[in-house]
Amino acid sequence: MKPANILKALLYAVGLPAVLVLIWWAATLGAKNFFVPTPGTLLSTFAETWFGERIVSDVLPSLGRLVVGVVAAIVLGIVAGLLIGSVKWLRALTEPVLEFFRAVPPPVLVPVLMLLMGITDSMKVVVIISGCIWPVLLNTIEGVRAIDPVLSDSSHTYGITGAARVRYLVLPSAGPQIMAGVRQCLSIGLILMVISEMFASSSGLGFTIVQFQRSFAIPEMWSGIVILGLIGVAMSFIFQFTERRILRWYHGLREVENAV
Amino acid sequence: MQSETTDKTTMPAGSPAPAGRTLPEGQAMLSVRNLKKVYQTDGGPIEAVRNLTFDLRAGELACLVGPSGSGKTTLLKCISGLMAPTEGQVLLDGAVVSGPPKKMAVVFQEYGRSLFPWMRVRENVELPLKNQGVPKAERDKLVDEALEAVGLSHVPMSYPWQLSGGMQQRVAIARAVAYQPEVLLMDEPFAAVDAQTRADLEDLIRTVWKKLGVTVLFVTHDIDESVYLGQRVIILSSSPTVIQEDLVIDLPEERDQLNTRALPRFTELRHHVYEQIQLAKQGHRPAAAH
């Protein structure tokens, strides 16, 4: 990319956020609303609140649980999806049950899991997994089912079966679908991370934000919301970067198809 | 059925006479014996292939033509072990085919759907060898030779979808060649490429076949192509399929697009195959298959 283009891309990326902050700044200029801090206050509160021991006591543990939960959900979802997608009778057997569990909103599981597992890290991780696994699982099943029969025959005639078939045919072929599931899984994961910490917890981002709310530490509360947004943006960037590397072939293929 | 008792006394009673040529036991590379395929559908059974028997000797190039819907693809799937026949059997070098055999490679019509779009050209050609555990050095040599043979040594790092249709089919052919099969099955491989590319690819198949001494069964619906390519043309009837005729193509071994196609004998053969296909379409069946 030429330097001029990089500059242009950068301007586009920060343009709207800058405008929004400007509007916010102008709107809070004269008014003294207790519930809405000015950008300046928020910035200083943000630094005070989060660049201290809270990183270690709240932010990192929350992020850790999020990462463990999301990774576990992705791995479990893909493995189970490969199995269910490949075995016809297993699909017939599990489909109604999967529909049922998928329909249960994961936040309602929090009190139940708390009773069963106690207020532990594993309980929070299980809450995250219980919500994140569905998009990955269902997308993997669909992706496995949608393998091109000609490609499948082709691999079969060359003796590509068993584990080699999964590695060279099934996984890459279902890749685009799986990645679509992973994308949904990430945003669900962030939501559930916060929710799992809002009930009877003593640390974590969700707990801290609720705590600030209850003690009327309004700028601090807002700064917590900002940090959640930033985590979401970071996750989205990591996802896009990874997706572009894994599915380079897919985007290229789509471009060629669209050009015809 | 009455005619059977007079001249086909060796046939088991009750089964229609095979029109395809057979070889004495132990001499055939590929044998198809009384092959029958009936699909069970919701609307009742559909008999796609009724009874096919023929042999291919090692190193032979035979073309299989038939009207559309004559069960060509069904037959090929049975031969390649992708589908089990309802009755009869396929033997490769004397062994019954029950799944895709190691000594066989298949080139499909849909080149765009038979190559792995997530692998580069070289990786596509290499994969079957890698999967068989062929050592790296030998693999590299085979892949290089195969890409060279199909004229694609300049694009090993491209993805298949970056290439034209004809080039993609060349990659599929290279993959089959590198696999070193004893039998190469081709299912209407050039039906989806343009006419000029098609002529080039036909000559490529003749060249590869001569160089490797591989047995080739080439399925096509194109009459000219079958006569131009084959040493022998097996004509199928309309469904339920039997063999309409098994014809020897007595054209010179050296063939080229201009001169061979201008030979009077080419025209005669083409004419003959065309007539047979027309008869097949009208529902005419060889005497023994009613």
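The values are calculated or read from the model by the stated rules, or taken from the named source; none is laboratory data. Not measured: the values here are computed from a predicted model. FYI the Cβ positions are ideal-geometry reconstructions off the backbone, even for glycines, and counts take in every protein chain you see. Side chains are part of the model used for accessible areas, which takes the heavy atoms of the whole protein and leaves out ligands, DNA and RNA. Shrake-Rupley method; radii C 1.70, N 1.55, O 1.52, S 1.80 Å.
Go through (1) more than 27 Å from B:LYS103 (Cβ to Cβ); (2) without any contact (Cβ under 8 Å) to a residue 12 or more places away in the chain for B:GLY283 and report which single condition fails.
(2)
Exactly one of (1) touching a residue at least 40 places away in the same chain (Cβ under 8 Å); (2) over 29 Å from B:LEU64 (Cα atoms); (3) among the acidic types (Asp, Glu) is unmet by B:GLU123. Its number?
Failing condition for B:GLU123: (1).
Being hydrophobic (A, V, I, L, M, F, W, C) and either open to solvent by 30 Å² or more (accessible area, probe 1.4 Å) or out of contact with any helix residue (DSSP H, G or I) (no Cβ under 7 Å at 6 or more places or on another chain) (or both) narrows it down to one residue among A:MET123, A:MET117; which is it?
A:MET117
Among the candidates B:VAL227, B:VAL193, B:VAL242, single out the residue that is surrounded by 17 or more Cβ atoms within 10 Å (Cβ to Cβ), hydrophobic (A, V, I, L, M, F, W, C) and more than 17 Å from the chain's Cα centre (by Cα).
Of the residues listed, the single one that is surrounded by 17 or more Cβ atoms within 10 Å (Cβ to Cβ), hydrophobic (A, V, I, L, M, F, W, C) and more than 17 Å from the chain's Cα centre (by Cα) is B:VAL193.
Out of A:ALA72, A:ALA80, which single residue is small (Gly, Ala, Ser), surrounded by fewer than 17 Cβ atoms within 10 Å (Cβ to Cβ), part of a helix (DSSP H, G or I) and at pLDDT 90 or above?
Step by step, each of A:ALA72, A:ALA80 is checked, and only A:ALA72 is small (Gly, Ala, Ser), surrounded by fewer than 17 Cβ atoms within 10 Å (Cβ to Cβ), part of a helix (DSSP H, G or I) and at pLDDT 90 or above.
Please enumerate the residues belonging to the stretch B:80-93 that are out of contact with any Cys (no Cβ under 7 Å at 6 or more places or on another chain) and in a loop (DSSP other than H, G, I, E, B).
B:SER80, B:GLY81, B:LEU82, B:MET83, B:ALA84, B:THR86, B:ASP93
Go through (1) open to solvent by 50 Å² or more (accessible area, probe 1.4 Å); (2) in a helix (DSSP H, G or I); (3) more than 14 Å from chain B (Cβ to nearest Cβ) and name the single condition A:SER202 misses.
(2)
Scan the stretch B:162-179 for residues that are within 12 Å of another protein chain (Cβ to nearest Cβ) and open to solvent by 30 Å² or more (accessible area, probe 1.4 Å) and report the count.
So the answer is 2.
State which residue is farthest from B:VAL32 (Cα to Cα) when the search covers only the stretch B:261-279 and only residues that are modelled with pLDDT of 90 or more and either in a loop (DSSP other than H, G, I, E, B) or open to solvent by less than 30 Å² (accessible area, probe 1.4 Å) (or both).
The residue in question is B:LEU263.
From (1) under 18 Å from A:PRO176 (Cβ atoms); (2) within 14 Å of chain B (Cβ to nearest Cβ); (3) open to solvent by 30 Å² or more (accessible area, probe 1.4 Å), pick out the condition that doesn't hold for A:GLU142.
Checking A:GLU142 against (1) under 18 Å from A:PRO176 (Cβ atoms); (2) within 14 Å of chain B (Cβ to nearest Cβ); (3) open to solvent by 30 Å² or more (accessible area, probe 1.4 Å), the one that fails is (2).
Within the stretch B:110-148, restricting attention to residues that are under 16 Å from B:VAL177 (Cα atoms) and facing chain A (nearest Cβ under 7 Å), which residue is most open to solvent (accessible area, probe 1.4 Å)?
B:GLN132
Take the residues in the stretch A:214-260 that are open to solvent by 80 Å² or more (accessible area, probe 1.4 Å) and outside any helix (DSSP H, G or I); name whichever of them is modelled with the highest pLDDT.
Looking at residues that are open to solvent by 80 Å² or more (accessible area, probe 1.4 Å) and outside any helix (DSSP H, G or I), I get A:PHE216.
In this structure, is A:GLY181 in contact with a Ser or Thr (Cβ under 9 Å, 6 or more places away or on another chain), away from chain B (no Cβ under 14 Å) and within 14 Å of A:LEU66 (Cβ to Cβ)?
no
If you go through the stretch A:20-31, how many residues are surrounded by 11 or more Cβ atoms within 10 Å (Cβ to Cβ) and among the small types (Gly, Ala, Ser)?
Within the stretch A:20-31, residues that are surrounded by 11 or more Cβ atoms within 10 Å (Cβ to Cβ) and among the small types (Gly, Ala, Ser) number 1.
Say whether the condition of being among the β-branched types (Val, Ile, Thr) and at the interface with chain A (Cβ under 10 Å from one of its Cβ atoms) is met by at least one residue in the stretch B:87-109.
Among the residues of the stretch B:87-109, at least one is among the β-branched types (Val, Ile, Thr) and at the interface with chain A (Cβ under 10 Å from one of its Cβ atoms), which makes the answer yes.
Of the residues A:PRO39, A:PRO17, which is surrounded by 10 or more Cβ atoms within 10 Å (Cβ to Cβ) and not acidic (Asp, Glu)?
A:PRO39
Go through the residues of the stretch B:129-152 one by one and say whether even a single one is assigned by TED's automatic domain parsing to the domain that holds B:VAL227 and farther than 25 Å from B:HIS221 by Cα.
no
Is it the case, given these coordinates, that A:GLU95 is within 30 Å of A:GLN213 (Cβ to Cβ) and charged (D, E, K, R)?
no
Among the residues of the stretch A:145-177, write down those that are in contact with an Asp or Glu (Cβ under 6 Å, 6 or more places away or on another chain) and surrounded by 18 or more Cβ atoms within 10 Å (Cβ to Cβ).
A:GLN177
Picking from A:LEU253, A:LEU228, which residue would you name as being within 14 Å of another protein chain (Cβ to nearest Cβ) and either within 12 Å of the chain's Cα centre (by Cα) or hydrophobic (A, V, I, L, M, F, W, C) (or both)?
Exactly one of A:LEU253, A:LEU228 is within 14 Å of another protein chain (Cβ to nearest Cβ) and either within 12 Å of the chain's Cα centre (by Cα) or hydrophobic (A, V, I, L, M, F, W, C) (or both), namely A:LEU253.
Cβ-Cβ under 6 Å, sequence separation 6+ or interchain: first residue in the stretch A:162-176 and at the interface with chain B (Cβ under 7 Å from one of its Cβ atoms), partner of a type in the set (S, T, N, Q). Which pairs?
Here the result reads A:ALA164/B:ASN131, each pair linking the stretch A:162-176 to a residue that is of a type in the set (S, T, N, Q).
Looking at the structure I just gave you, is B:SER158 more than 30 Å from B:THR74 (Cβ to Cβ), of a type in the set (Gly, Ala, Ser) and within 12 Å of chain A (Cβ to nearest Cβ)?
In short, yes.
Tell me whether the stretch B:205-223 contains one or more residues that are open to solvent by less than 10 Å² (accessible area, probe 1.4 Å), within 14 Å of chain A (Cβ to nearest Cβ) and not in a helix (DSSP H, G or I).
Checked against the condition, which is being open to solvent by less than 10 Å² (accessible area, probe 1.4 Å), within 14 Å of chain A (Cβ to nearest Cβ) and not in a helix (DSSP H, G or I), the stretch B:205-223 yields at least one hit.
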